[in-house]
Structure formats: structure tokens, C-alpha cells
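Derivation of every value follows stated rules applied to the coordinates shown; laboratory data play no part. Predicted model, so just to flag it, every value in this text is computed and none were measured. Glycine gets a Cβ as well: all are built from the backbone with ideal geometry, and neighbour counts include every protein chain shown.
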Amino acid sequence: MRSHQDRGDRQLCYRVNKVTLDESEDKNMSKIYIIDVTNRDGVQTSRICLSKLQKTMINFFLNKMGIYQSEFGFPGTYHETNYLNANIELSDRGILSPIILGGWIRALPEDLKKAVKLTNVQHLNISNSTSEQMIRGKYRGKFFKENIISTMEETVDLAKEEGIKTIGVNAEDASRTELDYLIEYAKKAKERGADRIRYCDTLGYDDPFTIYERVHALAKEVGIPIELHCHNDLGMVVGVSLAGAKAAVDAGVDAYINTTINGLGERAGNADLISIILAIKYSSGFKGKYFIDERVDLSKAWKIAQYASYAFGNPIPINQPGVGSNAFAHESGIHADGALKDRRNYELYDFEELGRGKPEVVETGRKITVGEYSGIKGFRNVFDKLEIEFKDDKETRKILELVRYANVHNQKPLVEDELKFIARYPEVVKRLFKMEVPEM
């Protein structure tokens, strides 16, 4: 990855507020990376949740999709401890790789100490609220502008001492924070060794025009990669996230967009993972001009969206970009005729690119499933169909017990990928089902 100085030194040419690049500049342009926060912000959505096995599967699907990083949980939370360490173990073994697994904590030294005591986390985002509203209405005299910065600095220093490899510094409610103070906050974070600043449009307050101006000024002044964490309270989250990323790249630094699968998240949700990727690849202002991490594999979109929908118990809207049931449906005569003549008449991109179009087999006769009360014969029947063999009866019964418990754990039937995961990594799965209980 290029240094912040290299990015800051590069000059970009502007004309009518639009970037124009010659071929040599194009090759050296900053990129847009995806940090998916489904396992941190998505699971904070009211009324829905994921089991630790399901969160692990989300990490696997994100890794297969080529997503740069998963913000996989809270390393200072006891019920997350075994799940986090189990996933880190998979990462260390090269099984869950090259995706980066990052945790989230408050920008407090005590939270940092707790995180490194409980887990082996190596990548962290540390968070502070920075707006006048939050300082006044949330902290209520506990923190002020001055000690918000000093506490953040102390936490970053401690993280560096503890060997944390990458550190993101979070400015919660950045969109309502005075810009001069936000720049000062970011400069202090950079001086302390932070790798990027997370600009949080916590309430969906920004529009694409305001976030472009603010992020461009921030990135240009500080010269540090910008992470965009936006919410959908006003229905503009994808546009706002993209405008913020454009501003960062135009200012000469890399951009990191926070997403969730199917756009789930607190209140009205976060930026939808698949919508963001499609917009960067196909929208008129981004296509061929701004570049997403080359590892991203859109062919995994259909599968990851379907799994998240099943795991969360939240249907995909029929009009969801790319993966909704109506995304490639044409009914009116003019549209149907045009699409049949040439798909480009009414489709910007191909459904095959998202992993759609393959026939799905639905069994309509006898079906044997495995659940919390399954017996050995039914269990063998299911795993034989998955072409998974066990070396002896002892191993078979061991996996059966894990599958039984996993059904209780998930409170719904397991999908094929979950069954295969349990069979391949039984010791990891056992850790997922345990909780570290602190002594009171």
C-alpha cells in the first residue's frame, strides 16, 4: 500500500469540479476498499441478531467475496471472546485469509487493555464522539473537546505499545462536527500513528454535496486515508458514501467504505454492500474513473445476500439492487421487448455477474434433515449427500453432537455451508458455542 506522503504529493487535475486523469495518473490513483460492518453494526439492528456460528459464516462469505476487512465484533465484550479468538485462529492458520478481522472499542485506555487481555485482536477501530451535540447531550460534562483528543491520543499510544497492527480512529457524528475541530482531531490521530480516520455520518445528516466538501477538505488538510461510515436515515446512504469516497480519492488518499450485507443496520440501516460495489463499477461518474479493490468478486453477491437474509430472518426487498427478485424482471411490453432484443436496453449489468442464473434444485419428495434431535442414520444420510466422509463412528458421533447443538445455537435448520464448516473445523465450532463468564 502506498504511503500517505506519496498520496498527498500527487497532484490531481480539476476541470468544472470533475477529475480528469491522463493514463499515467490513472494507474497510480488511490483506490476504494470495502470494510464490511455487518458483524458489528449490522447485528446492532433492533429486533434481529446472529449466532456466533452465523457471524463466522458471514466472515467466510466476505473473505470469499474478496472484501478487504470485516469489522467482526467487540473485543471488550465477554460473550464475544471465544468467537473472536476462534476467528482470529482461523485467520492465523490461513483459513480465513486474506480478509482482515478488525474489532471496535471506545477510545478509552481501559477498553484497549480489556480488548487485548480478552482477545488476540490485531486490528482495531477506536471510537469517540466529536460533535457539539454529542459532547453536550451524550457525555454531559464527562468529556470536553480537549480531553476527547487527549484520551484518543492516549488510547492510540497504548494500542501501538500493545502491538496493534492497524488502528482506525473513529469520529462519531463527524457530519455534525465543526470542521476545524475535526481536522485538528484527525491531525492528532495521524501524529500518533493512526492508519485512517473514520468519518461517521452517524445520523445520515450529510447529503452527497456536503460530505464531498467536508471529506475533501479533511483529506487534503490531513493527508490520511478516510473511512466512510454512513447511515440511511434520509435515504441517501449509498450516494453519500460514494461522494465521500470520491472526495477522499480526489484529495489523493485511499477511501474505505463501510457496508453491511443487504443494508441492515441501526434504524434505517447502513450502505448496502452490493449496491456500493455495483455503483463503483457501473455508475457514469465512477466507471473507469474510480477503482475498487481488485480482489472484490461480485459473483459471490447472490450467495452472501441469500445467506444473510436467512440468518437474520429478514427478507430481501424485491427491488433490492442486484439481488432483489425484481432486479432483472421485466413485465411491461416496451421493457420486455427491449430487454429481449438487447439486455443493455434495460439492464446496466448482467445477472450472471452477481452469481445469479444458475438453476436451483428443490426437493419435492422425501427429505431428511438434521436437527437437535437427529439420529445417526439420518445424520449419515445428509452428510453422504454433501460428500463428506468420517473416519469412524467416534468422529461421526462427535460431529453429530456439534450439529445438534448448532441447531439449538442458531434456532433454525443449518444450511449446507454451515454443515460443511462444522465437519471441517469441529474444534473451532466448539469454541464458538462457549462463553467466557467474568468473575463478579
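Quick notes on this structure:
- Computed extension length for ASP92-PHE209: 37.9 nm, one decimal, from 0.36 nm per residue of separation with the Cα-Cα distance subtracted.
- The chain: proportion of alpha-carbon pairs further apart than 43 angstrom, %: 17
- Relative contact order %, segment 376-430, counting alpha carbon pairs below 8 Å whose residues are six or more apart: 37
- Prolate/oblate/rounded call for segment 267-342, Cα gyration tensor, a/c under 1.5 rounded: oblate
- Restricting segment 282-381 to chymotrypsin sites (Phe, Trp or Tyr not before Pro) in coil, as DSSP defines it, with at most 10 other Cβ within 10 Å: TYR373
- Residues in segment 409-440 reached by a label modelled at ASP297 [backbone nitrogen below 13 Å; 7 Å Cα→Cβ]: none
- Partner aspartates and glutamates for LYS281 [C-alpha distance under 13 Å; skip if fewer than 8 residues away on the same chain]: ASP293, GLU294, ASP297, ASP350, GLU353
- Residue pairs exceeding 18 angstrom between C-alpha atoms, taken from LYS64/LYS300; LYS64/LYS117; LYS303/LYS358: LYS64/LYS117.
- Mean projected area (nm²) of the alpha-carbon convex hull when segment 225-323 is viewed from all directions: 6.5
- Within the chain, the longest run free of trypsin sites (Lys or Arg not before Pro) that sit in a DSSP loop with at most 10 other Cβ atoms within 10 Å is 143-365.
- Loop GluC sites (Glu not before Pro), segment 253-345, which have at most 12 other Cβ atoms in a 10 Å radius of their Cβ (DSSP): GLU294, GLU331
- Residue order for GLU416, GLU80, fewest other beta carbons within 10 angstrom first, comes to GLU416, GLU80.
- For q = 0.17, 0.18, 0.21 Å⁻¹, Debye-computed log10 I/I(0) when each Cα of segment 183-264 counts as one equal scatterer: -0.59, -0.66, -0.87
- Prolate is the label for segment 40-131, because the ratio a/c of its alpha-carbon gyration tensor axes (a ≥ b ≥ c) is 1.5 or higher and a/b is greater than b/c.
- Candidate lysines for bridging to LYS220, where Cα separation is under 17 Å - those fewer than 8 sequence places away on the same chain excluded: LYS18, LYS31, LYS187, LYS188, LYS190, LYS246
- The smallest convex shape that holds all Cα atoms of segment 86-132, its convex hull, gives 69 Å³ per residue.
- Extent of segment 376-430 along its three principal axes (Cα atoms, max minus min coordinate, largest first): 27, 21, 17 Å.
- Lysine pair count for segment 376-430 [Cα-Cα under 15 Å; pairs on different chains or 8 or more apart]: 7
- When the chain is treated as a GNM with alpha-carbon contacts under 10 Å, the residue of GLY168, GLY375, GLY263 showing the greatest mean-square fluctuation is GLY375.
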